[in-house]
Every structure is written in structure tokens, then in C-alpha cells.
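Shown next, in C-alpha cells, is the structure this report addresses.
The values are calculated or read from the model by the stated rules, or taken from the named source; none is laboratory data. This structure is a prediction, so every number in the text was calculated from the model and none was measured. Cβ coordinates were reconstructed from backbone atoms using ideal geometry, including for glycine residues, and neighbour counts include every protein chain displayed.
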Amino acid sequence: MAIRALLPARGGRLIEVGAGFGRLADEYRGYREVVLLDSSEVHVAAARESLAGDPRFEVVMGNACALPYPDGFFDATVCVRVLHHFADPGLVLAELGRVTRPGGVVVLEYANKRNLKSMGRRLLGRQRWSPFALGSVEYKPFHFDHAPVGVRRNLHKFGLRIECLRAASLFRLPVLARLLPLSILVGAERRLQAPLGSITPGPSVFLRARRVR
């Protein structure tokens, strides 16, 4: 839902960094060339098998902190469910900005440190770290929530200007899934993602940034 709202439907050359087994490949059918990059041999093999019949897709194994492409090579860059694996988001954001051409777009998702659940846990004394502190927090081994202000500063540092924000996974609570039909939760999320984007109350934030000249 968020990706469809933020990513231009058509374009020239696109890369998804941390593409896994190609779970989002159908969202890129309007692009002339698509690179799916991941660091897992298993995921890369699965993506190559499932997309073997489409010549527009190239599946590559690589490192998100050292993308094997020249500066400004892509019109659009996508990075979803990846940044939470890095204590320092700047390592990845620098590369996303580098390989995106001036005027091109980056669609990014990150795990939000300043979400309502964290605030509530802090107020109840069930959480030692503050959701309002700068920097990242390791909420479980090799998984990091990031402060929105830190992500914004890194984007600006690497030449990326935020255009749109969407708050996502607003109803990621087991009790809601038990009490309410999925259609109601999806409908509510659809209506609230954009209005709550700048407030970032949810555990996940999606954004579109444009590479400035």
C-alpha cells in the first residue's frame, strides 16, 4: 500500500536493495530495467528461479553498504525492511543516495524508534531506553529501531530531500487481529498512513525522497 503510493508507477532503471526472494517484483512491472540485490545466496537463487522468464529483471548478490554500480546509475531506488539490520543507517543511506541519479527517487522503509508502543512502555517503566533519544536502539540481536530525526539528517547529508512520509503497520497488535476483520484494519490503515506520516506513530515509516542536484 505504501510503496504503491510513493513509488512512480513507471520509469527507466530501478534497483531494490535487500530484495529478498523478489517479494516486491510485481510492483516494478512499469520499469524498463530492474535490479534485485540481496546478500543471501538462498534468496538470490529463489529470485532468479522465479523471474527467469522476464528479461527486464537482473538478480544480483551484493552488499548494501557497497553497491556495485556507478554514481547516478538508477532512476529509482527501493529499500524496504533492510535498515533495521544496521546500527548505523548512514552506511546504507550513503549508497542509496550515491547510485540514484539527480532528480531520481528513493523509497525507503525503516523501523521507527519513536512509536506509540515504545512511548507507552517507557511511561509504564517497562522500557529503559527513551523513544525520543537520538541514535538507534538494538531491540533484539542485530535488529535496530532508528530515530526519525537521525534518518532525516542522514538523508539530507547524502543529498536526499524527503517529499512524502507514511506511517505504516499502525495496527500491528495481535489483539486487534483477533477482534477485528482484516478488511477493517486495512481500510483504517489506508486512510491514516498519509495523515499520520509526519507524526510517525507507527513502528514502521515509509518515505519518498528525491535526489537533489
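Residue-wise test of (1) part of a helix (DSSP H, G or I); (2) at pLDDT 95 or above; (3) more than 20 Å from the chain's Cα centre (by Cα).
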site: Arg121; (1), (2), (3): yes, no, yes
site: Ile162; (1), (2), (3): no, yes, no
site: Phe171; (1), (2), (3): no, no, no
site: Leu185; (1), (2), (3): yes, no, yes
site: Pro195; (1), (2), (3): no, yes, no
site: Arg208; (1), (2), (3): no, yes, no
site: Arg213; (1), (2), (3): no, no, yes
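Has the stretch 105-113 got at least one residue that is more than 30 Å from Gly197 (Cβ to Cβ), in contact with a Phe, Trp or Tyr (Cβ under 7 Å, 6 or more places away or on another chain) and modelled with pLDDT of 95 or more? There is no residue in the stretch 105-113 that is more than 30 Å from Gly197 (Cβ to Cβ), in contact with a Phe, Trp or Tyr (Cβ under 7 Å, 6 or more places away or on another chain) and modelled with pLDDT of 95 or more. For residues that are assigned to a strand (DSSP E or B) and not aliphatic (A, V, I, L, M), scanning just the stretch 103-119, find the one that is farthest from His85 (Cα to Cα). Once the filter is applied, the top-ranked residue is Gly103. Look at Ser136 and say whether it is hydroxyl-bearing (Ser, Thr, Tyr) and surrounded by fewer than 17 Cβ atoms within 10 Å (Cβ to Cβ). Against the criterion (hydroxyl-bearing (Ser, Thr, Tyr) and surrounded by fewer than 17 Cβ atoms within 10 Å (Cβ to Cβ)), Ser136 does not qualify. Here is a check on your reading of the model: is Ile199 of a type in the set (A, V, I, L, M, F, W, C), in a loop (DSSP other than H, G, I, E, B) and out of contact with any Lys or Arg (no Cβ under 8 Å at 6 or more places or on another chain)? The answer is yes for Ile199. If we keep just the residues of the stretch 146-174 that are of a type in the set (A, V, I, L, M) and in contact with an Asp or Glu (Cβ under 8 Å, 6 or more places away or on another chain), which is surrounded by the most Cβ atoms within 10 Å (Cβ to Cβ)? Only one residue tops the list, namely Ala168. If we keep just the residues of the stretch 197-206 that are polar (S, T, N, Q) and surrounded by 17 or more Cβ atoms within 10 Å (Cβ to Cβ), which is modelled with the highest pLDDT? Per the stated criteria, the residue is Ser204.
Every residue, every condition in (1) over 20 Å from Leu160 (Cβ atoms); (2) in contact with an Asp or Glu (Cβ under 7 Å, 6 or more places away or on another chain), yes or no:
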{"residue": "Phe21", "(1), (2)": "yes, no"}
{"residue": "Phe57", "(1), (2)": "yes, no"}
{"residue": "Met61", "(1), (2)": "yes, yes"}
{"residue": "Ala64", "(1), (2)": "no, yes"}
{"residue": "Asp88", "(1), (2)": "no, no"}
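Within the stretch 123-160, being in contact (Cβ under 8 Å) with a residue 40 or more places away in the chain, under 16 Å from His85 (Cα atoms) and assigned to a strand (DSSP E or B) holds for Ser136, Glu138, His143, Phe144, Asp145, His146.
Every residue, every condition in (1) in contact with a strand residue (DSSP E or B) (Cβ under 9 Å, 6 or more places away or on another chain); (2) among the hydrophobic types (A, V, I, L, M, F, W, C); (3) at positive phi, yes or no:
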{"residue": "Ala2", "(1), (2), (3)": "yes, yes, no"}
{"residue": "Glu41", "(1), (2), (3)": "yes, no, no"}
{"residue": "Gly53", "(1), (2), (3)": "no, no, no"}
{"residue": "Phe73", "(1), (2), (3)": "yes, yes, no"}
{"residue": "Arg81", "(1), (2), (3)": "yes, no, yes"}
{"residue": "Leu93", "(1), (2), (3)": "yes, yes, no"}
{"residue": "Val99", "(1), (2), (3)": "yes, yes, no"}
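Leu93 meets each of the listed conditions (1) under 21 Å from Arg211 (Cα atoms); (2) in contact with a Gly (Cβ under 6 Å, 6 or more places away or on another chain) apart from (2).
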